[in-house]
């Protein structure tokens with residue numbers, strides 16, 4: 001990231017790159033190369049844009065990121081945070097293990113075993129394939 005870039009747009013893109021898939025894919029953009037003269041300002045901007053990506057109730061339309069898929073993935077992400085800190089990185093946002101909506105392995109469709117949850121989970125899907 002260079003000082004003459006559109007920093008606001010870049011900060012939004014950086015937050016999306018990390019959190020869009022719940023930090024659970026190998027394509028999460030967790031590395032940034034930033035010109036030293038804007039490093040502190042840009043990190044603050046990315047942190048601010050990241051606040052909208054806090055885990056929440058996965059069936060709430062306002063939620064932008066659900067919980068970790070399972071304990072194994074949580075451990076992988078936590079281990080990478082620890083490795084980064086051991087190598088000199090600073091944790092500037094998050095890091096707390098939260099239990100959004102029901103806790104570990106109780107989040108998402110089917111959690112309450114209600115008919116609504118089961119209907120949502122087992123809804124019919126249609127796939128259209130055009131053959132020439």
Legend entry - Order of 42, 131, 2 - criterion: other Cβ atoms within 10 Å of each residue's Cβ, fewest first: 131, 2, 42
Inset, instruction - Please work out whether the stretch 1-87 counts as rounded, prolate or oblate from its C-alpha gyration tensor, where a ≥ b ≥ c are the square roots of the eigenvalues and a/c under 1.5 means rounded, while otherwise a/b larger than b/c means prolate and anything else oblate? - result: oblate
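Every number here is computed from the coordinates shown, using simple stated rules; none is lab data. Keep in mind that this is a model prediction, so the values were computed, not measured. Glycine gets a Cβ as well: all are built from the backbone with ideal geometry, and neighbour counts include every protein chain shown.
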